[in-house]
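K.L.:
Just dropping this structure here.
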Amino acid sequence: MADYEFSKIEKKWQQYWEDQQTFKAEVNPSKPKYYALDMFPYPSGAGLHVGHPLGYIASDIVARYKRLKGFNVLHPAGFDSFGLPAEQYAIQTGQHPAITTEENITRYKEQLKNIGFSFDWSKEVRTSDPSFYKWTQWIFMQLFNSWYNKETDKAEPITALIAQFEHSGNRQGDGPRVFAVCDEDTPAFSNEDWKQMNEREQQEVLLKFRLTYLAEATVNWCPALGTVLANDEVKDGVSERGGYPVERKKMTQWMMRITAYAERLLQGLETVDWSEPLKEMQRNWIGKSLGAELDFKVTGNPVAHEDITLTVFTTRIDTIFGVTYLSIAPEHELIPQLTSPEQKAAVEEYISTAKNRSERDRMSDVKTVSGVFTGSYVINPLSGEKVQLWIADYVLAGYGTGVVMGVPSSDERDFRFANHFNLPIIYVIAGTETLENPCDVKYGQLINSGFLDGLDWKVAIQKAVERAEELGVGTAKINYRMRDAVFSRQRYWGEPVPVYFKDGIPYLIDESDLPLVLPEIDKYLPTETGEPPLGRAEGWKYKGKYPYELSTMPGWAGSSWYWYRYMDAQNDTTFASKEAIDYWKDVDLYIGGSEHATGHLLYSRFWNQFLYDLGSVPEKEPFKKLINQGMIQGRSNLVYRVNGTNQFVSYHLREQYETTALHVDVNIVDNDVLNLNAFKNWRTDFEDAEFILEDGKYLCGHEVEKMSKSKYNVVNPDDIIERFGADTLRLYEMFLGPLEQFKPWNTNGIDGSFKFLRKLWRLFHDEAGNLAVSDEAPTSEEWKVLHRTIHKVEEDIERHAFNTTVSTFMICVNELTTLKCHKRAILQEIVILLSPYAPHMAEELWQLLGNKDSITYATYPVFKPEYLVESIFEYPISVNGKVRAKITFSLDTTPAEIEKSVLASEHVQKWLEGKQPKKVIVVPKKIVNVVI
RNA sequence: GCGGAUGUGGCGGAACUGGUAGACGUGCCAGACUUAGGAUCUGGUGCCGCGAGGCGUGGGGGUUCGAUUCCCUCCAUCCGUACCA
């Protein structure tokens, strides 16, 4: 009997798809497009585990579904193939990262192909391939050649800025310099000044405007990795990869001016269909806050610099009369000039301890109050009060202006600080005077506040800003938490930066010299002089004389634009043809993990906005709809060894002994029952293991944790496919639960998915295994099953509820089995519905039904509601909300008639006990409720 | 601390705009065929109760004829973030 031979079927169709190029997508303006994208993987040495394909399966289902719905679908795959692990491996073994990467990719592709994805492999991209990173470098060059014009609110060519400088310097008329986003700390110069500058000076000025620029910045330096890291690559003061300590260090680095786009990145979130938590994460990361800047004049300055003004940023200018001191970040550069001779020693000591505190210490210990008085005083510009100027390490140099006004009566930290140093407290919000902690009430009516007295805090903010502007001592101001992104990595395995240096000034290489290919080096370590590994490349100089930039680009460079390359992956004259970009436009559905919320997804939006400004791409936002698939966690199994013996006690008996729990390979455990022989053979030290069993079995304990080799809980998709087939794997992964949710992998339930497929297979075959499909006309009952299924499946896929769809299929097949339905008209449609989920079996059955072409070209069945039309409805009859009976009425029965019959029925009479009901509610096609 | 999410049987999880809670799967129980196989099929399975019935969607309160669904409040777990002025 030819039963369901999944392995044969799956190999056959995978080969067919490859040979026929079934999924090749071509630009075709006569059809609507659909772009289904997965976050491309970094090909790690460990290969895929069962959790990785989850998102790919979901996007593949959508891709296949959309094809059936008549869309021209782009569903590509590729590899984010630059990265640290391959380089670390190279350092240890000397093997070129390109070789390791190539091997890993080969394995990944093999594993992916086993699952039967409908990827168009002809469009594969790899970020480490020169034909790809040529365009990453090209985009870098465009950024270098651009500046952000505040007036037009977009990026523009740097040549326009130079023309502007030549024409009128960096100011417009007599007004303030408003036209560039990053212009605040550039001194004003006229067109004459500009012309007076030499090449070097001009380039230095321009560097302050470019969207990628070289700057000395305080960066996250990771000594163990030998490189700097971006803010999103640092978690809790240690590197995200490897967990090594990170220090703050001043270094000259390439930066990306993402801050220029802060507002657009924030606004753009309103236009995309992403989950609210993810948008919220990006909003927090951008961290917009509305406030005001206010100038405080330093008075009685001991070092005799009378003209020093300190600017603070505050969101609560309304509390200005509550200011009792000012505090300044220890890193602030004006500190030497603000310190009185008497305080000099104390200040210097404080600053040096503050500096020596590591990031992690500073983070872990936020409660300790520390600070030192500078000896200077400042004048409150609105109240005229004179207050002390302190240095405090709770003030961050990197945010706002690095100076904060201290209002102990309405800010928690200021309150603690003031208490600690016995600074005065002025209550400015009504009702806070009597409180132990005045910060408990932050909003209300103002008191003790001069011209703001009696006003509500919101009104007071407006009033105070107006006054400050009148007096010329302040202005409303928007601040963003987000910083420009560090773009240099002192690493080998990344894109070379297409820049060379002449007289210490960076210049772009000529576009015709792209790609700037990564040179060969002998060792993948920094040079003896501490330069990045590229410093080892012999004679690596532009035109043979100018040294190249030695750092490479970060991991996120290539991934910030790769979805465009898929559209036209082979093009070598542009990153993707205009024709292809105008057709495919943007990603309709993007599926990937939420760990990229503040990294990849933000950088991609940034580069996309920039490419939009250039006119290179048509959409402002690249990813219309985004789903974060939840991670599949491991489900570890544990055995309990009696201490000091080689005896293992079964799960429920373990309490009777002193035991140690050990992880055991989940692959030798079935339904939590340990395979004793396999266990003895697993490791030599368990060879003579003895077992204390319960009910003749050894039961293991279990725990949900991350899938990892050391926990022996890694399940390999290849093993599952060998035992159950790819279609079962696909169904089961979807069936596990909602896509977005985190959930543990548990092989136990997979039988159910397998049985379902076998049941379906048997609907097509007789006892002997021969095809047994009849051409008889289906009964109305059978039509009903089919159309209910069409309707439900379509609805579920559209709202991405893949788990319930699988249930729907199971119900459908169970019903057809009960009805003994073997009718072609029904089964054929069911196969089409199923094909996105279990494509191999669908293809096989499709062919058995006599179709020649791939089921990919079939048409999605049309739902006909008339098959579901009911003429009767069985009403649940509830008494006081509790269902007591069911009565069937034809649908044209009026509510009044229903009410009458219900009341007359003996079920209800029993509950009424002769009384009249208070109320009867009849909801057509829903329920009848009798209230007594 | 702040922001967000989640909370339903032994377990994974259903329930679209308030309308028969627990679909589907697994597990468990019983039976059939086999004759020990971790195969297949059928039936049962939220809890208490022999039963009628009662109780049940984290706890408490509210709106409603009716609440897993809406509102308030508390609790627990997870994720993000952290002196952002």
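K.L.:
Let me make sure I get this right: for the stretch A:755-827, a, b and c are the square roots of the gyration tensor eigenvalues over alpha carbons, sorted descending. Under 1.5 in a/c it's rounded, otherwise prolate if a/b > b/c, else oblate. Which is it?
P.N.:
oblate
K.L.:
Based on the mean of other beta carbon atoms within 10 Å per residue, what is the order of A:909-916, A:487-494, A:241-248, most packed first? Spell out each step's value before the answer.
P.N.:
Numbers: A:909-916: 9.9, A:487-494: 25.9, A:241-248: 15.2.
My ranking of the peptides, most packed first, is A:487-494, A:241-248, A:909-916.
K.L.:
Identify, among A:901, A:867, A:890, the residue whose Cα sits farthest towards the positive end of the charge dipole of the stretch A:841-909, taking +1 on the Cβ of Lys and Arg and -1 on the Cβ of Asp and Glu, with the dipole about the Cα centre.
P.N.:
Projecting each Cα onto the dipole axis, the largest value belongs to A:901.
K.L.:
What figure in square angstrom, to the nearest 10, would you give for the accessible area of residue A:385 with a 1.4 Å probe?
P.N.:
Approximately 110 Å² for this residue.
K.L.:
Another question, then. Order A:250-259, A:285-294 from most to least packed using the mean count of other Cβ atoms within 10 Å.
P.N.:
Values: A:250-259: 20.1, A:285-294: 17.8.
Taking the mean over residues of other Cβ atoms within 10 Å, the ranking is A:250-259, A:285-294.
K.L.:
Moving on to the next point. Using 0.36 nm per residue of separation minus the Cα-Cα distance, give me the extension gain between residue A:422 and residue A:231 in nm, one decimal.
P.N.:
Working: separation 191, 0.36 × 191 = 68.76 nm, distance 3.64 nm.
Gain in length upon complete extension: 65.1 nm.
K.L.:
Could you tell me whether the stretch A:686-839 comes out rounded, prolate or oblate from its Cα gyration tensor? Rule is a ≥ b ≥ c as square roots of the eigenvalues, rounded for a/c under 1.5, then prolate if a/b exceeds b/c, otherwise oblate. Working shown, then result.
P.N.:
Values: a/c = 2.80, a/b = 1.84, b/c = 1.52.
It is prolate, given that a/c is not under 1.5 and a/b is the larger ratio.
K.L.:
Right, next: Can you pull the percent of Cα pairs in chain A with separation above 41 Å? Kindly include the intermediate steps, with their values, before the conclusion.
P.N.:
Working: 239109 of 433846 pairs.
So the pairs more than 41 Å apart make up 55 percent of the total in chain A.
K.L.:
Between residue A:819 and residue A:848, what FRET efficiency comes out of the Förster formula 1/(1 + (r/R0)^6) with R0 = 22 Å and r the beta carbon distance, rounded to 0.05?
P.N.:
0.60
K.L.:
While we're here: Give the accessible surface of the stretch A:422-531 per residue, rounded to a whole number of Å², with probe radius 1.4 Å and ligands, DNA and RNA excluded. Can you show the working numbers first?
P.N.:
Details: 5630 Å² over 110 residues.
For the stretch A:422-531, the per-residue accessible area is 51 Å².
K.L.:
Under a point-charge model restricted to the Cβ atoms of Lys and Arg (+1) and Asp and Glu (-1), what is the dipole moment magnitude of the stretch A:603-754 relative to its Cα centre, in debye to the nearest 20? Before the final figure, lay out the partial values.
P.N.:
Numbers: 16 positive and 23 negative charges, 124 e Å.
My answer is approximately 600 debye.
K.L.:
Next question. If R₀ is 30 angstrom, what is the calculated FRET efficiency for the pair residue A:270 and residue A:740, using the beta carbon separation as r and rounding to 0.05? The partial results should precede the final answer.
P.N.:
Values: r = 21 Å, r/R0 = 0.70.
Here the calculated transfer efficiency is 0.90.
K.L.:
May I ask you to list the trypsin sites (Lys or Arg not before Pro) in the stretch A:503-564 that are in a DSSP loop and have at most 12 other Cβ atoms within 10 Å of their Cβ? Before the final figure, lay out each step's value.
P.N.:
Details: sites: A:523, A:536, A:541, A:543, A:545; in loops: A:523, A:543, A:545.
Qualifying residues, ordered by number: A:523, A:543, A:545.
K.L.:
Let me ask something else about it. Which loop GluC sites (Glu not before Pro) in the stretch A:474-540, with loop taken from DSSP, have no more than 11 other Cβ atoms within 10 angstrom of their Cβ? Mind dumping the intermediate values first?
P.N.:
Numbers: sites: A:511, A:520, A:528, A:538; in loops: A:520, A:528, A:538.
Hits after loop and neighbour filter: A:520, A:528, A:538.
K.L.:
What percent does the relative contact order of chain A come to when contacts are Cα pairs within less than 8 Å and at least six residues apart? It would help to have the intermediate numbers written out before the result.
P.N.:
Details: 1676 pairs, mean separation 122.5, N = 932.
The normalised contact order for chain A reaches 13 percent.
K.L.:
Please report the base-10 log of the normalised intensity I(q)/I(0) for the stretch A:884-932, using a Debye sum with one equal scatterer per alpha carbon and no solvent, at each q in 0.21 (1/Å).
P.N.:
Debye output, listed in q order: -0.69.
K.L.:
Taking loop as defined by DSSP and a crowding limit of 12 other beta carbons within 10 Å, which GluC sites (Glu not before Pro) in the stretch A:388-466 fit? Before the final figure, lay out each step's value.
P.N.:
Working: sites: A:412, A:433, A:436, A:466; in loops: A:433, A:436.
Counting only loop positions with at most 12 other Cβ atoms within 10 Å, the GluC sites (Glu not before Pro) in the stretch A:388-466 are A:436.
K.L.:
Here is a follow-up. Take residue A:685 and residue A:919, extend 7 Å from each Cα along the Cα→Cβ direction, and tell me the distance between the two endpoints in nm.
P.N.:
Roughly 7.2 nm, to one decimal.
K.L.:
Continuing with this model, one more query. For the modelled label position 7 Å from the Cα of residue A:932 along Cα-to-Cβ, which residues of the stretch A:896-922 have backbone nitrogen atoms closer than 16 Å?
P.N.:
A:902-921
K.L.:
I want to check the label-to-label distance for residue A:614 and residue A:748. Put each point 7 Å from Cα in the C-beta direction and report it in nm to one decimal.
P.N.:
The modelled label-to-label distance comes out at 5.4 nm.
K.L.:
Quick one: plug the Kirkwood hydrodynamic radius of the stretch A:210-277 (C-alpha pairs) into Stokes-Einstein at 25 °C, 0.890 mPa s, and report D in µm²/s. Write out the running numbers ahead of the final one.
P.N.:
Working: Rh = 14.0 Å.
Approximately 176 µm²/s, per Stokes-Einstein.
K.L.:
Roughly how many nanometres apart are two label points built 7 Å out from the Cα toward the Cβ at residue A:706 and residue A:869?
P.N.:
Each label point is offset 7 Å from its Cα along the Cβ direction, giving 5.9 nm.
K.L.:
Dipole of chain A, Cα-centred, from +1 at each Lys and Arg C-beta and -1 at each Asp and Glu C-beta, to the nearest 20 debye? Present the calculation step by step, with values, prior to reporting the outcome.
P.N.:
Values: 102 positive and 131 negative charges, 350 e Å.
The calculated dipole for chain A is roughly 1680 debye.
K.L.:
Turning to a different aspect of this structure: Assuming 0.36 nm per residue, please report the length gained on full extension of the stretch residue A:333 to residue A:656 beyond their Cα-Cα distance. Spell out each step's value before the answer.
P.N.:
Values: separation 323, 0.36 × 323 = 116.28 nm, distance 6.70 nm.
Difference between extended and current length: 109.6 nm.
K.L.:
Compute the FRET efficiency between residue A:26 and residue A:887 as 1/(1 + (r/R0)^6), taking r as their Cβ-Cβ distance and R0 = 41 Å, and round to the nearest 0.05.
P.N.:
0.10
K.L.:
Could I ask something else about it? Hey, any idea what % of chain A's accessible area is carbon plus sulfur with a 1.4 Å probe? Before the final figure, lay out the partial values.
P.N.:
Details: 20680 of 42040 Å².
Taking all protein chains in place, chain A shows 49 percent carbon and sulfur surface.
The values are calculated or read from the model by the stated rules, or taken from the named source; none is laboratory data. Fair warning: this is a prediction, and the values are worked out from it, not measured in the lab. Neighbour counts run over all protein chains shown; Cβ positions are idealised from the backbone, glycine included. These area figures cover heavy atoms from the full protein model, side chains too; ligands, DNA and RNA do not enter into them. Shrake-Rupley method; radii C 1.70, N 1.55, O 1.52, S 1.80 Å.
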